[in-house]
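Undergrad: Okay, here's the structure, questions in a sec.
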Amino acid sequence: MKIKNMLRFFFVLILVIGGLLDVAKAQDTVLRKIDYGKLDSLNSKFLNEKRQVEIFLPQDYKPGSDRKYDVLYVLDGGNWNTGLIKETQRFLEEISFMPSTIIVSVLGIDRNKDLTPTHLEGWSTSGGADKFLGFLKNELIPYIDQKYPSNGDNTLWGHSLGGMFVTYALLNEPKAFKSYIAVDPSLWWDKCYIQKIASSKLPELAGLAITFFMSGREGERGKVMRIDTMNTVLKNYAPAGLTWKSIAYPNESHNSIRLKSTYDGLKFSYAGFNNKAMFHPMNGIILKDKPINVWYFSDTTTVNYTLDGTVPTTVSNKMRHELTLTNAAKVTTKNFTARAHYNQVVTGDFIAGKTLHPISKQKNVKPGGFNYAYYEGKWEKWPDFRDLKNPVKTGITNGDFKLDKIRKKDNVAVVIDGQLETKEDGYYMFIMENGEEANFYLGNRLLMRMTTLNSQLCTYVIPLKKGFYPIRLESFHKNEPYKLKLSYLTPSIIATKNGVSIPFNLQYGQH
């Protein structure tokens with residue numbers, strides 16, 4: 001087993017988005033189709049009109065659940081923008097670069113009025129951005145928060161005039177959204193009006209911990225948007241607490257830039273989200289003068305650690321891919337993301353101890369597999385394994401052992417026990433993965449407790465000698481299928497970090 005994540009290909013997304021690009025050739029704020037979205041509306045006092053929005057709930061949303069979600073507000077709503085953003089968001093979610101998210105497609109009536117901050121000659125309805133921002137902050141966001149499972153953490157996305165409005169919103173209502181994504185914004189507007197007000201507005205964003213992503217195009221066509229002048233203002237006046245990034249893409253058009261900008265902008269808004277704080281082994285016993293290594297497999301730049309159990313800060317030591325422990329320690333790691341409520345803290349106890357000594361081999365056991373007992377019930381929670389009687393099936397965990405193939409698929413309890421033979425002296429690391437709830441005992445010592453909160457992976461390092469050790473694995477599975485796996489690393493292969501199944505000839509049971 002390699003304890004690393006794999007990313008999916010971007011190819012499927014390109015195919016999906018390619019189909020969307022043929023839908024329209026110009027800015028489109030008309031709803032074309034309802035793709036699992038809900039059309040909703042509210043009467044706005046700020047705008048003195050009824051406004052429509054389309055709501056896309058996350059794929060994992062379950063009615064009645066108390067789970068709350070971030071919200072992504074899309075200006076110039078409709079399939080032209082929202083279709084692309086919806087597919088990009090889902091792709092990023094699937095590869096763990098951002099969480100499940102509610103998408104609110106804000107359908108337009110007169111974008112020239114809503115998205116522009118001042119009135120220009122030749123743009124007869126222009127200059128209504130202040131009222132539109134009031135609508136978003138004081139009417140639409142509270143409406144979404146009250147009616148849908150929102151957690152109040154919002155992102156605002158806009159393209160062209162919408163990108164300019166995003167920048168305007170950042171400067172005037174920086175607390176309304178956690179992240180602002182301005183795609184090829186029309187910052188030429190009114191002789192660079194936005195840049196003129198930015199120098200005095202930006203210092204007010206100090207300490208707010210918000211993000212701003214802005215994209216543009218390289219070359220002459222990109223220069224007309226005057227994004228370069230905004231970059232200069234940001235470099236001179238952006239305060240601590242505003243994390244910002246500006247990208248100029250080569251060989252893109254005003255429309256094509258939306259794809260890369262949305263992908264990069266959302267990733268930037270959730271920087272560090274995919275970089276968990278988990279390390280391995282998660283807990284263990286350490287011998288005097290026998291150091292062990294703790295492994296971290298993700299990007300170390302956003303993770304800090306301490307060895308005394310205190311919660312790390314941004315000035316604590318940076319995590320390393322291999323952290324050598326020479327004494328007992330309470331290792332605590334924390335990953336710092338662009339969204340603080342996704343920061344993760346993980347603590348592992350590495351206690352000073354002695355080598356666990358083996359026992360004599362039982363007379364009535366032989367190699368070829370541990371014993372297992374399979375029980376069915378109607379348990380709502382972890383059953384009392386001491387009271388389990390009359391197993392539905394018993395057997396040996398040999399090559400034919402496939403519990404997920406046995407009749408009932410849910411509400412099952414399984415006990416696996418026997419003796420493990422070890423052939424080497426030194427540190428062993430045991431690994432449990434892909435279960436629901438489980439306990440793993442070596443001798444009478446509970447090494448690992450798997451729960452629904454840590455069911456992806458549990459690891460423990462312990463010093464052993466050559467010989468025989470009693471093992472017991474208790475597992476409860478309320479939902480199908482049974483996929484719990486136990487593996488280990490022996491002293492001779494522990495440096496490889498590649499766990500292996502316990503060989504059958506080292507598994508002893510009553511056959």
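The values are calculated or read from the model by the stated rules, or taken from the named source; none is laboratory data. Note that the coordinates shown come from a computational prediction; the quantities given were computed from them, not determined experimentally. Please note: Cβ atoms are built from the backbone with ideal geometry, for glycine as well, and neighbour counts cover all protein chains shown.
Rundown of residues vs (1) farther than 13 Å from Y372 by Cβ; (2) buried (at least 19 other Cβ atoms within 10 Å of the Cβ); (3) touching a residue at least 60 places away in the same chain (Cβ under 8 Å), yes/no style:
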residue: N398; (1), (2), (3): no, no, yes
residue: P463; (1), (2), (3): yes, yes, yes
residue: F476; (1), (2), (3): yes, yes, yes
residue: T496; (1), (2), (3): yes, no, no
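Undergrad: Now for a different question. Output the residue which, of all residues in the stretch 45-66 that are modelled with pLDDT of 95 or more and among the charged types (D, E, K, R), is nearest to L92 (Cα to Cα).
TA: E54
Undergrad: If I filter the stretch 85-103 for residues that are in contact (Cβ under 8 Å) with a residue 40 or more places away in the chain, buried (at least 21 other Cβ atoms within 10 Å of the Cβ), in a loop (DSSP other than H, G, I, E, B) and in contact with an Asp or Glu (Cβ under 9 Å, 6 or more places away or on another chain), do I get at least one hit?
TA: The answer is yes, given that some residue of the stretch 85-103 is in contact (Cβ under 8 Å) with a residue 40 or more places away in the chain, buried (at least 21 other Cβ atoms within 10 Å of the Cβ), in a loop (DSSP other than H, G, I, E, B) and in contact with an Asp or Glu (Cβ under 9 Å, 6 or more places away or on another chain).
Undergrad: So, one more: Of all the residues that make up the stretch 436-460, how many are within 15 Å of K381 (Cβ to Cβ) and in contact with a Ser or Thr (Cβ under 9 Å, 6 or more places away or on another chain)?
TA: 5
Undergrad: So which residues in the stretch 283-299 are at pLDDT below 95 and crowded, with 17+ Cβ neighbours inside 10 Å, if there are any at all? Talk me through it step by step, then tell me what you get.
TA: Step one: of the stretch 283-299, the residues at pLDDT below 95 are 288-289, 297-299.
Answer for the stretch 283-299, where residues must be at pLDDT below 95 and crowded, with 17+ Cβ neighbours inside 10 Å: just S298.
Undergrad: Could I ask something else about it? Taking L453, is it out of contact with any Pro (no Cβ under 7 Å at 6 or more places or on another chain), crowded, with 16+ Cβ neighbours inside 10 Å, on the phi < 0 side of the Ramachandran plot and of a type outside the set (G, A, S)? Let's see the steps before the verdict.
TA: Working: out of contact with any Pro (no Cβ under 7 Å at 6 or more places or on another chain): yes; crowded, with 16+ Cβ neighbours inside 10 Å: no; on the phi < 0 side of the Ramachandran plot: yes; of a type outside the set (G, A, S): yes.
Taking the combined requirement at face value, the residue does not satisfy it.
Undergrad: Quickly run through the stretch 294-332 and pick out the residues that are part of a loop (DSSP other than H, G, I, E, B), polar (S, T, N, Q) and free of Cβ contacts under 8 Å to residues at least 24 places away in the same chain.
TA: T310, T313, T314, S316
Undergrad: Okay, next question. Could you give me the residue pairs with C-beta distances under 6 Å whose first residue belongs to the stretch 266-285 and is without any contact (Cβ under 8 Å) to a residue 40 or more places away in the chain, whose second residue is assigned to a loop (DSSP other than H, G, I, E, B) wherever it lies, and which are 6+ apart or on separate chains?
TA: So the pair list comes out empty.
Undergrad: Assuming L47 fulfils every condition listed in (1) more than 30 Å from K276 (Cα to Cα); (2) in contact with a Leu (Cβ under 8 Å, 6 or more places away or on another chain); (3) touching a residue at least 12 places away in the same chain (Cβ under 8 Å); (4) surrounded by fewer than 22 Cβ atoms within 10 Å (Cβ to Cβ) apart from one, which condition is it?
TA: If we test L47 against (1) more than 30 Å from K276 (Cα to Cα); (2) in contact with a Leu (Cβ under 8 Å, 6 or more places away or on another chain); (3) touching a residue at least 12 places away in the same chain (Cβ under 8 Å); (4) surrounded by fewer than 22 Cβ atoms within 10 Å (Cβ to Cβ), just (2) comes out false.
Undergrad: Test R449 against the stated conditions and say whether it is of a type in the set (K, R), farther than 22 Å from T355 by Cβ and in a strand (DSSP E or B). So that I can check it myself, show each step before the final result.
TA: Numbers: of a type in the set (K, R): yes; farther than 22 Å from T355 by Cβ: yes; in a strand (DSSP E or B): yes.
Here the answer is yes, as R449 does meet what is asked.
Undergrad: Taking F468 as the residue in question, decide whether it is under 28 Å from F350 (Cα atoms), of a type in the set (F, W, Y), in contact with a Phe, Trp or Tyr (Cβ under 8 Å, 6 or more places away or on another chain) and buried (at least 20 other Cβ atoms within 10 Å of the Cβ). So that I can check it myself, show each step before the final result.
TA: Working: under 28 Å from F350 (Cα atoms): yes; of a type in the set (F, W, Y): yes; in contact with a Phe, Trp or Tyr (Cβ under 8 Å, 6 or more places away or on another chain): yes; buried (at least 20 other Cβ atoms within 10 Å of the Cβ): no.
It is false that F468 is under 28 Å from F350 (Cα atoms), of a type in the set (F, W, Y), in contact with a Phe, Trp or Tyr (Cβ under 8 Å, 6 or more places away or on another chain) and buried (at least 20 other Cβ atoms within 10 Å of the Cβ).
Undergrad: Can you name the residue in the stretch 167-187 that is assigned to a strand (DSSP E or B) and either of a type outside the set (A, V, I, L, M) or surrounded by fewer than 24 Cβ atoms within 10 Å (Cβ to Cβ) (or both) and is also nearest to the chain's Cα centre (by Cα) among such residues?
TA: The initial filter retains those residues of the stretch 167-187 that are assigned to a strand (DSSP E or B), namely 179-183.
The next check asks that each one be either of a type outside the set (A, V, I, L, M) or surrounded by fewer than 24 Cβ atoms within 10 Å (Cβ to Cβ) (or both); those that pass are 179-180.
Numbers: S179: 17, Y180: 19 Å.
The extreme case among them is S179.
Undergrad: Of the residues L356, L446, which is in contact (Cβ under 8 Å) with a residue 40 or more places away in the chain, of a type in the set (A, V, I, L, M) and within 30 Å of A495 (Cβ to Cβ)? Don't jump to the end; show me each part of the working.
TA: Values: L446 fails: in contact (Cβ under 8 Å) with a residue 40 or more places away in the chain.
Just a single option satisfies the conditions, and that option is L356.
Undergrad: Right, another one. Can you confirm whether I416 is in contact with a Leu (Cβ under 8 Å, 6 or more places away or on another chain), under 23 Å from Q510 (Cβ atoms) and surrounded by 18 or more Cβ atoms within 10 Å (Cβ to Cβ)? Outline the logic, then answer.
TA: Values: in contact with a Leu (Cβ under 8 Å, 6 or more places away or on another chain): yes; under 23 Å from Q510 (Cβ atoms): yes; surrounded by 18 or more Cβ atoms within 10 Å (Cβ to Cβ): yes.
Judged against the criteria, I416 is a match.
Undergrad: Looking at A198 and the list (1) surrounded by fewer than 19 Cβ atoms within 10 Å (Cβ to Cβ); (2) in a helix (DSSP H, G or I), which single condition is not satisfied?
TA: With respect to (1) surrounded by fewer than 19 Cβ atoms within 10 Å (Cβ to Cβ); (2) in a helix (DSSP H, G or I), A198 is out only on (1).
Every residue, every condition in (1) aliphatic (A, V, I, L, M); (2) under 20 Å from the mean Cα position of the chain (by Cα), yes or no:
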site	(1), (2)
K288	no, no
Y296	no, yes
T306	no, no
K318	no, no
L323	yes, no
K330	no, no
T337	no, yes
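Undergrad: Condition first: surrounded by 15 or more Cβ atoms within 10 Å (Cβ to Cβ), of a type outside the set (S, T, N, Q) and within 26 Å of V414 (Cα to Cα). Can you find one or more residues in the stretch 346-354 that meet it?
TA: No, the stretch 346-354 contains no residue that is surrounded by 15 or more Cβ atoms within 10 Å (Cβ to Cβ), of a type outside the set (S, T, N, Q) and within 26 Å of V414 (Cα to Cα).
Undergrad: Filter the stretch 217-240 down to the residues that are in contact with a strand residue (DSSP E or B) (Cβ under 7 Å, 6 or more places away or on another chain) and in a loop (DSSP other than H, G, I, E, B), then identify the one that is surrounded by the most Cβ atoms within 10 Å (Cβ to Cβ).
TA: In this case the residue turns out to be M225.
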